[in-house]
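Enquirer: Here you go, one structure.
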Amino acid sequence: MSTVGQPNEVLPDLPLPEGIVEDYVDCSTSCGLKWHILKAGEPGKPLVLFCHGYPELAYSWRKVLPAIAEAGYFCVAMDQRGYGRTTGWPLKQPFEAVDLNDYVFTNLVRDLVCLVYGLGYKQVYSIVGHDFGSVSSAMAALMRPDMFLSTIQMSHPHHRPAEPISPQEKGEEKKVDIQAELAKLDPPRKHYKWYNSSPNAAQDWENPSQGLETFLRGYFHLKSADWDANKPQPLTKWGAEELAQMPEYYIMRAEHSMPETVASNMAGEDYSKTERWLSRDDLQVYCNEWARTGFQGALNWYRAQTASTKQSARDVLLFSGRTIEVPCLFISGKQDWGNYQQPGALEGYKDPKTVREYCYWGENLVDGAGHWVQQEQPETVIKEILAFFMRVRCRLPQFW
């Protein structure tokens with residue numbers, strides 16, 4: 001049995017593939033967390049961190065870790081703050097009681113720095129992130145390039161931090177209120193990030209009328225290549241008409257919750273199609289963990305990043321004008337709308353104001369994969385990661 005930091009709580013071991021071990025790293029005296037990690041490979045080898053997305057866990061890297069470790073790396077995937085079996089954040093805390101300063105980007109990176117030290121390292125060969133974890137990987141490399149020496153983003157392109165507005169520009173600025181603009185559409189729509197930031201979102205996620213297992217199966221299905229309606233394309237601007245081209249799991253009907261959105265779009269779909277890459281037992285791991293922790297902790301990251309709060313906007317001004325200056329790669333599914341949800345972000349990697357010249361090493365869009373690329377097409381993802389790491393070796397000879 002696996003223990004976790006909640007009082008008197010004993011949890012069953014996760015059903016892990018051979019070569020992966022479950023463990024804990026106590027950083028309670030630094031960042032306040034007792035990290036739950038999955039690890040593969042030999043400590044002392046070059047460290048690679050794997051950061052998961054939403055609504056996922058370290059478990060989402062189960063298909064990738066053993067192969068990367070076999071190539072000579074010490075691989076660690078963690079449950080991030082607000083997720084899974086990592087403790088030190090308030091479990092099922094009421095919406096109004098949350099201190100959102102815990103969920104700003106500098107604290108996100110601070111957590112990772114403390115984990116690196118807790119693992120006995122001072123440098124990371126590469127930090128790999130998917131979805132929300134892509135934000136973790138990009139921000140870690142942006143803020144601490146001396147520690148995080150290369151980076152891979154997956155399924156969520158990085159875009160450079162906003163810059164302060166000068167007095168001259170302030171009078172010219174016309175910021176789009178995207179929620180107000182989406183509400184004017186027929187039918188009215190709303191952005192999923194603003195919905196996930198709302199007071200009722202966690203209760204909706206926790207109490208879907210179709211049941212948690214059916215809801216999560218549908219959510220994974222709709223964002224995968226198994227949903228035939230996923231035919232993404234670049235968007236020209238941050239505007240309501242453009243964003244409305246995206247599926248309803250991104251730009252929702254104004255009257256719908258996320259469970260209602262999934263139920264509506266899954267009508268007539270074969271729920272079993274995704275079992276080829278997300279088995280019933282694997283899905284049950286997610287269901288069990290979310291039923292235990294609730295969703296509010298994880299959703300707090302959305303709250304701190306949207307226009308509903310100011311904390312994160314102030315926080316990243318410290319890094320205005322800073323570029324990623326370590327080797328950087330983007331991997332995603334070809335059928336993933338996440339590549340384009342922030343218009344211009346994917347193309348922005350080629351801008352030297354976002355990534356230093358010669359540091360961006362391209363994007364690989366994997367056909368036959370949607371948003372969950374490392375679970376849908378793990379063999380291709382492993383191949384792309386290892387090819388990137390071989391190129392990085394020339395830049396980091398000290399590791400070899």
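Values in this text are rule-based calculations from the coordinates and carry no lab data. Since this is a predicted model, take the numbers as computed values, not measurements. Cβ sites come from the backbone with ideal geometry, for glycine too, and all protein chains shown count toward neighbours.
Enquirer: Quick check: Cα centre of segment 243-285 to Cα centre of segment 69-89, how many Å?
Expert: 26 Å
Enquirer: Over the chain, calculate the relative contact order: mean separation of alpha carbon pairs under 8 Å at least 6 apart, over the residue count, as a percent. Walk me through the numbers on the way to the answer.
Expert: On the way: 759 pairs, mean separation 77.2, N = 400.
For the chain, the relative contact order is 19 percent.
Enquirer: Loop sites only, by DSSP: take the trypsin sites (Lys or Arg not before Pro) in the chain that have at most 11 other C-beta atoms within 10 Å and name the longest stretch containing none of them.
Expert: Details: sites that count: Lys122, Lys174, Lys175, Lys184, Lys237, Lys310, Lys353.
Between the exposed loop sites, the longest stretch runs 1-121.
Enquirer: Within a 10 angstrom radius of the beta carbon, how do Cys287, Cys31 rank from fewest other beta carbons to most? If you can, show how the numbers build up before the last one.
Expert: Working: Cys287 17, Cys31 20.
The order, fewest Cβ neighbours first, is Cys287, Cys31.
Enquirer: Please list log₁₀ I(q)/I(0) at q = 0.13 Å⁻¹ for segment 125-260, using the Debye equation with identical point scatterers on the alpha-carbon positions.
Expert: Results for segment 125-260 at q = 0.13 Å⁻¹ read -0.79.
Enquirer: Report the charge-dipole magnitude of segment 175-298 in Debye, nearest 20, computed about the Cα centre from +1 at each Lys and Arg Cβ and -1 at each Asp and Glu Cβ.
Expert: Details: 14 positive and 19 negative charges, 66 e Å.
Dipole magnitude for segment 175-298 comes out near 320 debye.
Enquirer: Let me ask something additional. If you average the C-alpha positions of segment 321-345 and of segment 184-227 separately, how far apart do those two centres end up, in angstrom?
Expert: Between the Cα centre of segment 321-345 and that of segment 184-227, the gap is 23 Å.
Enquirer: Continuing with the same structure: Which pairs break 26 Å Cα to Cα here: Lys34/Lys223; Lys353/Lys383; Lys39/Lys122; Lys34/Lys92; Lys45/Lys334?
Expert: Numbers: Lys34/Lys223 31 Å; Lys353/Lys383 29 Å; Lys39/Lys122 17 Å; Lys34/Lys92 17 Å; Lys45/Lys334 33 Å.
Pairs exceeding the cut-off: Lys34/Lys223; Lys353/Lys383; Lys45/Lys334.
Enquirer: Averaging sequence separations of C-alpha pairs under 8 Å and six or more residues apart, then dividing by the length of segment 175-298, give the relative contact order as a whole percent. Numbers along the way, then the final one.
Expert: Numbers: 116 pairs, mean separation 45.1, N = 124.
Relative CO of segment 175-298 lands at 36 percent.
Enquirer: Across all directions of projection, what mean area in square nanometres is found for the Cα convex hull of the chain? Intermediate values should be presented prior to the final figure.
Expert: Working: hull surface 76.6 nm².
The Cα convex hull of the chain, projected and averaged over all directions, gives 19.1 nm².
Enquirer: Whole number please: convex hull volume per residue of the Cα set in segment 186-344, in Å³? Provide the component values of the computation, followed by the final result.
Expert: Working: hull volume 24.8 nm³, N = 159.
Considering the Cα atoms of segment 186-344, their hull volume per residue is 156 Å³.
Enquirer: Can you give the FRET efficiency to the nearest 0.05 for Leu16 and Glu163, using r as the Cβ-Cβ distance and R₀ = 51 Å? Please list the in-between numbers first.
Expert: On the way: r = 44 Å, r/R0 = 0.86.
Once rounded, the FRET efficiency stands at 0.70.
Enquirer: May I pose another question? Compute from the Cα atoms of segment 268-320 the Rg and the Dmax, the latter being the longest Cα-Cα distance, and quote both in angstrom.
Expert: Every Cα atom of segment 268-320 included, Rg and Dmax give 17.6, 49 Å.
Enquirer: Going by how many other Cβ atoms sit within 10 Å of their own, how do Glu18, Glu347 line up, fewest first? Provide the component values of the computation, followed by the final result.
Expert: On the way: Glu18 6, Glu347 14.
Ordered from fewest to most neighbouring Cβ atoms within 10 Å, Glu18, Glu347 come out as Glu18, Glu347.
Enquirer: Using +1 on the beta carbon of Lys and Arg, -1 on that of Asp and Glu, and nothing else charged, what's the dipole of the chain about the Cα centre, debye to 20?
Expert: On the way: 40 positive and 50 negative charges, 208 e Å.
The calculation lands at about 1000 debye.
Enquirer: Continuing with this model, one more query. Place +1 on the Cβ of every Lys and Arg and -1 on the Cβ of every Asp and Glu in the chain, take the dipole about the Cα centre, and give the residue among Pro199, Ala369, Ala313 whose Cα lies farthest towards its positive end.
Expert: The residue sitting most towards the positive pole is Ala313.
Enquirer: Roughly speaking, what is the stretch gain from Glu363 to Asn288, that is 0.36 nm per residue apart minus the C-alpha to C-alpha distance, in nm to one decimal?
Expert: Values: separation 75, 0.36 × 75 = 27.00 nm, distance 3.45 nm.
Full extension of this stretch gives 23.6 nm more.
Enquirer: With the dipole of the chain worked out from charges on the C-beta (+1 for Lys and Arg, -1 for Asp and Glu) around the Cα centre, which of Asn230, Ala345, Gly82 lies farthest toward the positive end?
Expert: After comparing all options, I get Ala345.
Enquirer: In a shell of Cβ-Cβ distance under 11 Å around Ser136, excluding Ser136 itself, what net charge do Lys and Arg (+1) and Asp and Glu (-1) give?
Expert: Values: positive: Arg81; negative: Asp111, Asp131.
In short, -1.
Enquirer: Something else about it: What list of ³J(HN,Hα) couplings, whole Hz, do you get for segment 26-33 from phi and the Karplus terms 6.51, -1.76, 1.60, once you set θ to phi - 60° and write x for glycine and proline?
Expert: 8, 10, 5, 7, 10, 8, x, 9
Enquirer: Under a straight-distance cross-link criterion of Cα-Cα below 20 Å, which aspartates and glutamates are reachable from Lys175, leaving out those fewer than 8 residues away in the same chain?
Expert: The qualifying aspartates and glutamates are Glu163, Glu241, Glu242, Asp315.
Enquirer: Provide Phe330, Phe95 in ascending order of the number of other Cβ atoms located within 10 Å of each residue's Cβ, fewest first. Spell out each step's value before the answer.
Expert: On the way: Phe330 26, Phe95 16.
In order of increasing Cβ crowding within 10 Å: Phe95, Phe330.
Enquirer: Charges only on Cβ, +1 for Lys and Arg, -1 for Asp and Glu: so what's the dipole of segment 259-303 about the Cα centre, in debye to the nearest 20? Could you put the intermediate results ahead of the total?
Expert: On the way: 5 positive and 7 negative charges, 35 e Å.
In debye, rounded to 20, segment 259-303 gives about 160.
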